[in-house]
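For reference, the structure is listed below as structure tokens.
Just so it is clear, none of the values below were taken in a lab; they were calculated from the coordinates. This one's a predicted model, so the numbers in the text were calculated from it and none came from an experiment. Ideal geometry is used to build each Cβ from the backbone, glycine not excepted, and the neighbour counts take in all protein chains shown.
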């Protein structure tokens with residue numbers, strides 16, 4: 001078992017890269033959630049997110065939300081989910097080239113846990129069932145690719 005001194009592993013480029021990539025992704029996702037929350041509040045004030053309206057005329061409601069700028073939030077959510085899979089692949093690659101594999105694994109695990117919590121928040125903010133299904137599939141692909149990558 002390796003004994004880690006804090007000043008040793010903090011100087012390894014792979015660990016620094018893992019930390020920077022993870023933190024930047026999480027910050028980007030949090031900023032996206034803040035903007036999505038502001039957009040959802042605006043849609044709620046306009047009455048477009050009421051359950052009664054959605055059940056009566058879901059197509060018109062969805063079209064209205066997309067016309068109000070909702071399409072950019074759907075695109076950004078798609079890009080963030082795709083970026084999650086790419087970040088996991090990069091982190092696994094860096095872990096495989098790191099001398100401190102245990103610390104790399106901890107960084108990956110914390111990143112995945114924080115991302116899952118933020119995706120749950122995103123899940124609750126999204127109002128479209130089709131997009132929720134897409135998020136579930138993409139998240140499952142990302143997590144399974146991370147598990148496969150870390151087992152090598």
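Each peptide in 35-41, 85-91, 104-110 was scored by the mean count of other Cβ atoms within 10 Å over its residues; highest first, the order is 85-91, 104-110, 35-41. Residue order for 18, 46, 12, fewest other beta carbons within 10 angstrom first, comes to 46, 12, 18. Extension gain, residue 143 to residue 110, is 10.6 nm, computed as 0.36 nm per intervening residue step minus the present C-alpha separation.
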